[in-house]
Amino acid sequence: MYPLLDKLGQPEDLKKYSLFELENLAQEIRQLITETVAKNGGHLAPSLGTVELTLALYSVFKFPQDKLIWDVGHQAYTHKILTGRKDRFSTLRQKGGITGFPNRFESPYDAFGVGHASTSISAALGMAISRDLSGRRNKVIAVIGDGALTGGEAFEALNHAGQLGRDLIVILNDNEMSIDKNVGAMSEYLSRIRLAPQYKQAKHDVEELLSSIPRIGSKVLKTANQIKDGIRSVLVPGALFEEMGFSYLGPLDGHNISLLQDVFNKVREMNGLLLIHVHTMKGKGYAPAEDNPGKFHGVGKFDLATGETAKKSGGAPSYTSVFSKALLELAEKRPELVAITAAMPSGTGLSAFKDEYPRRFLDVGIAEEHAVTMAAGLAADGKHPVVALYSTFAQRAYDQLLHDVCLQNLPVTLCLDRAGLVGEDGPTHHGVFDLAYLRQMPNMTVFVPKDENELRQMLGKAVAMDTPTAVRYPRGAGLGVEIQQEFSDVPLGRAEVISEEGEIAFLAVGTMNEVAAKAADLLSKQGVKAALVNMRFVKPLDEELLLQLGQSKQLLVTLEENVLAGGFGSAVAEFLLDKDLAAGLMRFGLPDAFVEQGSRKELLELVGLTPEAVAEKVLARIQTISK
Ligand SMILES: Cc1ncc(C[n+]2csc(CCOP(=O)(O)OP(=O)(O)O)c2C)c(N)n1
């Protein structure tokens, strides 16, 4: 099926492949990636766009001595396939299988672990500095997308790298897309470079010029300036990067292996700070992904022949869509509402808002820190911003939330989607720290809805408050509960007592309410009655209720889909201790370890957050108490 791939041994062997073989290999790799992602889901379009780029890199540079650092790492499937992971590629993103992103624990070729955007240049610069301190001579190469280049950290690194002037190559993989269409002045600048007629001509000329320069060996170019000087007469783009201390090369066709090889062969012999701008097509080679790169950016299982994604079973709407609809309705009533996304209008459900209220919608690029401080600015001037982020990416904006929003007690609502265990994207993407970092922040209110209707009601409450608020909810479909159209008041800091009777009480937040209810059922079959409480708020806690339960129950059992360290259970523990209450406490949540990838079901089993595991442990504990 894959004659060339099957023959491939070490990545070094690629250096012996002819151009014809490499081009055929590219087709085989595309097929393997597409077939695998159709079965397992994954980041298809980004990885299809970098097949030739990766082959060209491996056919010229000497990895892992040279260091290759991918930004985000969602485009690195070819890199994985070429570096000894072809045979296990069918396990991509599955429990115990190949991870979806470069991972230092998986391969020496994965120079740096990634998942969150805009880190590559910083990490590469660190490696270049370390190399120089050790007196080594290897190359360090960061590959960053035009989307990831919108992130502040990438600019911080360019700024510092430009000053240091180390030997470092930054490859800008420009496909004009972030997940959705890319945004920002930098993106527009890159378009101008690509589209201006003189640059088109220059691109042609640079390709001719490079192919006329003899390959390494007969003429060795020593510095970036030498190659640039040769090109300068025909090409003047990238002035911005030049001014920042980079030698700029490009734009180059990122699917032309021979051109890329020529350029890489030359720059391998040079020293200095170089930015190579390649233009690629997201989804290249698979028509449905070329036509709809946003959908195939990160995709679930799909039909290879048609590109149709598997229909979701059950009719419950997703949390994201309930959020999306509720926000639109609230925006109609509240002109002060402004919605902000960091490069994820579709993922966070803000696309409808963008269409309906374009002037009140802001996509800041992959810039979570800026999103939050800008929201604080809007709030300081009388607006009520709703910042919709994935929980894991909000980690970026910790200080902005603390220092700019909470310290000034500003009415910003943070909507944290994909909170909890997200499944196959693994530890870089699980949103399991937010309850811990949010509950430390003075002035903050933390809402945790147990179902999609509660999400709607809590959002209504949050945007009506004039203080900082956060609502965190999971990935995927809701529970299928009835959705109340009227926004009803959610009393601040008040839990919902579902049942009162019993020697013990389950105190659950969010998704764990379902687990608690089922665990209580299992326990009742063993003759143990448990009260059930949906806590709804991690901050402020329902202290009145906790006081009463802490006095009346033998054992309180907290459940959360968040790290135990500093999370909801910690808050209850602190309360019991501070009030000197007699009740015992058991906490269920995530351990002090990064949770691997796998289906959500597998992961919940792994960490013991199933009704069966909870009931068993609680029963064992009760038996020790009653002895
Ligand atoms: C800090 C952070 N925010 C958001 C994301 C979600 N995300 C993953 S890839 C991506 C777009 C990246 O665009 P680009 O770098 O151009 O790569 P492409 O997918 O186009 O190849 C985004 C927004 C992330 N990984 N990290």
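DSSP beta bridges confined to segment 496-627 are antiparallel in about 15 percent of cases.
The distance between label points at GLU35 and SER134 comes to 3.9 nm (points 7 Å beyond Cα on the Cα→Cβ vector). Taken per residue, the accessible surface of the chain reaches 40 Å², heavy atoms only and a 1.4 Å probe. Applying a DSSP loop filter and a limit of 16 other Cβ atoms within 10 Å to the GluC sites (Glu not before Pro) in segment 277-329 leaves GLU308. Per-peptide packing, taken as the mean over residues of other Cβ atoms within 10 Å, places 552-562, 538-548 in the sequence 552-562, 538-548 from highest down.
For the pair GLN65 and ARG192, a Förster radius of 35 Å applied to the C-beta separation gives a FRET efficiency near 0.40, rounded to the nearest 0.05. For LYS601, a cut-off of 19 angstrom between C-alpha atoms picks up these aspartates and glutamates, skipping any fewer than 8 places away in its own chain: ASP417, GLU424, ASP425, ASP451, GLU514, GLU560, GLU561, GLU612, GLU616. Based on the Stokes-Einstein relation at 4 °C and a viscosity of 1.567 mPa s, and on the Kirkwood radius from alpha carbon pairs, segment 272-417 is assigned a translational diffusion coefficient of 75 µm²/s.
Of the trypsin sites (Lys or Arg not before Pro) found in segment 474-547, none is in coil by DSSP with at most 10 other Cβ atoms within 10 Å of its Cβ. A Förster radius of 56 Å combined with the Cβ-Cβ distance from GLN163 to ALA305 puts the calculated FRET efficiency at roughly 0.60. Dipole magnitude for the chain: computed about the Cα centre from +1 point charges on Lys and Arg Cβ and -1 point charges on Asp and Glu Cβ, it is near 1360 debye.
Compute the label zone of LEU240 within segment 273-310: residues whose backbone N is under 18 Å from the point 7 Å along Cα-to-Cβ. Counting only backbone N, you get 274-280. Rounded to the nearest 500, the 222 nm mean residue ellipticity of the chain from helices alone is -11500 deg cm²/dmol, with -39,500 (n - 2.57) taken per DSSP H run of at least 4 residues.
Estimated at 0.36 nm per residue, the fully extended path between LEU479 and SER18 surpasses their Cα-Cα distance by 160.4 nm. Ranked by the mean number of other Cβ atoms within 10 Å of their residues, highest first, the peptides 250-257, 265-272 come out as 250-257, 265-272. Pairs spanning more than 24 Å between alpha-carbon atoms, out of LYS553/LYS579; LYS16/LYS139; LYS86/LYS311; LYS15/LYS67: LYS86/LYS311. Exposed loop sites here are chymotrypsin sites (Phe, Trp or Tyr not before Pro) assigned a DSSP state other than H, G, I, E or B and surrounded by at most 16 other beta carbons within 10 Å; excluding them, the longest clear run of the chain is 106-593. Computed over neighbours whose Cβ is under 15 Å from that of PHE506, the net charge equals -3, Lys and Arg +1, Asp and Glu -1.
Taking amide hydrogens as placed 1.01 Å from N in the peptide plane, the amide H of ILE498 sits under 5 Å from those of LEU532, VAL533, ASN534, each at least 5 positions away in sequence or on another chain.
Candidates SER258, GLY115, THR54 compared by Cα position along the dipole of the chain: farthest toward the positive end lies SER258, with charges placed on Cβ. Kirkwood radius for the chain, taken over all pairs of different Cα atoms as the inverse mean of 1/r, rounds to 26.2 Å. Farthest toward the positive end of the dipole of the chain, out of ILE98, LEU327, PHE506, is the Cα of ILE98, where the dipole comes from beta carbon charges about the Cα centre.
Share of carbon and sulfur in the accessible area of the chain stands at 51%, probe radius 1.4 Å. Here the extension length gained between GLU486 and ASP253 equals 78.4 nm, from 0.36 nm per residue of separation less the Cα-Cα distance. On full extension, the segment bounded by LYS601 and ALA620 gains 4.5 nm, given 0.36 nm per residue less the C-alpha separation. Scan the chain and note any complete DSSP helix (H) whose C-alpha atoms cover at least 24 Å along its axis and whose Kyte-Doolittle average is -0.5 or more. Qualifying helices, which must be both long enough and hydrophobic enough, are 19-40.
The values are calculated or read from the model by the stated rules, or taken from the named source; none is laboratory data. What you see is a predicted model; the values in this text were computed from it and never measured. As a convention, Cβ positions derive from the backbone with ideal geometry for all residues, glycine included, and neighbour counts pool all protein chains shown. Note: accessible area is taken over every heavy atom of the protein model, side chains too, but ligands, DNA and RNA are not part of it. Shrake-Rupley method; radii C 1.70, N 1.55, O 1.52, S 1.80 Å.
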